[in-house]
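**Q** Following this message is one structure expressed as structure tokens.
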Amino acid sequence: MTQIEEHFQEFPVLETERTRLRKISYSDQDDMYSYCRFPMVSRYTVWDTHQSLDDTKAFIEFVLNRYDTQKVGPWGIEHKQAKKLIGSCSFVSWDNRNKRAELGYVLSNEYWNQGYMSEVIRRILEFGFNELGLVRIEARCHLDNIGSARVMEKTGMRFEGVLRRHIWAKGAFQDVKLYSIIKDDFASELEEGPSIR
């Protein structure tokens, strides 16, 4: 059975019409800090607002270590035209035996409501189903995170229910919405709709 990690031995660089998905590096520190410092961006995340560049540097060190140890690290979302990092997206967990993975993502508030995150997620769904052989991809969001829920719905994910007191974040147990898409549904959407490339 092919393991997801094998596909990341050489980190897969993916592209969409407006973005390039690639490894995050120390050179992205200023770009990352520019959006991670805003409370509105981290409001519904499990990580805290970055108070200084040192916080961002520490996070990048964590990411680089994940590339080395777990192999399956996050994609940095680079805006092709602006040539800067505007967010990240990754498989935050995966299960090789059952061929499923969970997506997590964050996007600079400067690029909200412009279709960037949906564009990126569709490309990663395509990669996950067609290249990694996944059968199910899921994602979760805070109950009040309307923007994230809309992104999941726009990319074909279906709402499956509320996981009560599912995660401990920012000093409290929190309920989250669970969304998912399976390979069969994704393939059907591609047949019915325009190409996602």
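The values are calculated or read from the model by the stated rules, or taken from the named source; none is laboratory data. Because the structure is predicted, anything quoted here is derived from the model rather than measured. Cβ coordinates were reconstructed from backbone atoms using ideal geometry, including for glycine residues, and neighbour counts include every protein chain displayed. These area figures cover heavy atoms from the full protein model, side chains too; ligands, DNA and RNA do not enter into them. Shrake-Rupley method; radii C 1.70, N 1.55, O 1.52, S 1.80 Å.
**Q** Please indicate, with yes or no, whether at least one residue in segment 27-38 is under 17 Å from residue 14 (Cβ atoms) and in contact with a helix residue (DSSP H, G or I) (Cβ under 8 Å, 6 or more places away or on another chain).
**A** Quick first cut of segment 27-38, residues under 17 Å from residue 14 (Cβ atoms) only: 28.
If we keep only those that are in contact with a helix residue (DSSP H, G or I) (Cβ under 8 Å, 6 or more places away or on another chain) too, we end up with 28.
Within segment 27-38 (the criterion being under 17 Å from residue 14 (Cβ atoms) and in contact with a helix residue (DSSP H, G or I) (Cβ under 8 Å, 6 or more places away or on another chain)), the answer is yes, since at least one residue qualifies.
**Q** Are there strands (runs of 3 or more DSSP E) fully within segment 133-190 with at least 3 residues that are surrounded by fewer than 18 Cβ atoms within 10 Å (Cβ to Cβ) and among the charged types (D, E, K, R)? List them. It would help to see each step written out before you state the result.
**A** Details: elements: 136-142, 158-169, 172-182.
Fully inside segment 133-190 and qualifying: 158-169.
**Q** Out of all the residues in segment 116-132, which are open to solvent by 10 Å² or more (accessible area, probe 1.4 Å) and of a type in the set (A, V, I, L, M)?
**A** Here is the first cut: in segment 116-132, the residues open to solvent by 10 Å² or more (accessible area, probe 1.4 Å) are 116-117, 119, 122-123, 126-127, 130-132.
Matches in segment 116-132: 117, 132.
**Q** Now for a different question. Kindly indicate which of 64, 53, 85 is surrounded by 17 or more Cβ atoms within 10 Å (Cβ to Cβ) and in contact (Cβ under 8 Å) with a residue 24 or more places away in the chain.
**A** Values: 64 fails: surrounded by 17 or more Cβ atoms within 10 Å (Cβ to Cβ); 53 fails: surrounded by 17 or more Cβ atoms within 10 Å (Cβ to Cβ).
Only one candidate qualifies: 85.
So that you can scan it fast, the table gives a plain yes or no per residue for (1) touching a strand residue (DSSP E or B) at 6+ places or on another chain (Cβ under 8 Å); (2) touching a residue at least 24 places away in the same chain (Cβ under 8 Å); (3) farther than 13 Å from residue 5 by Cα; (4) surrounded by 18 or more Cβ atoms within 10 Å (Cβ to Cβ):
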| position | (1), (2), (3), (4) |
| --- | --- |
| 68 | no, no, no, no |
| 76 | yes, yes, yes, yes |
| 79 | yes, yes, yes, yes |
| 91 | yes, yes, no, yes |
| 99 | yes, yes, no, yes |
| 103 | yes, yes, yes, yes |
| 106 | yes, yes, yes, yes |
| 110 | yes, yes, yes, no |
| 114 | no, no, yes, no |
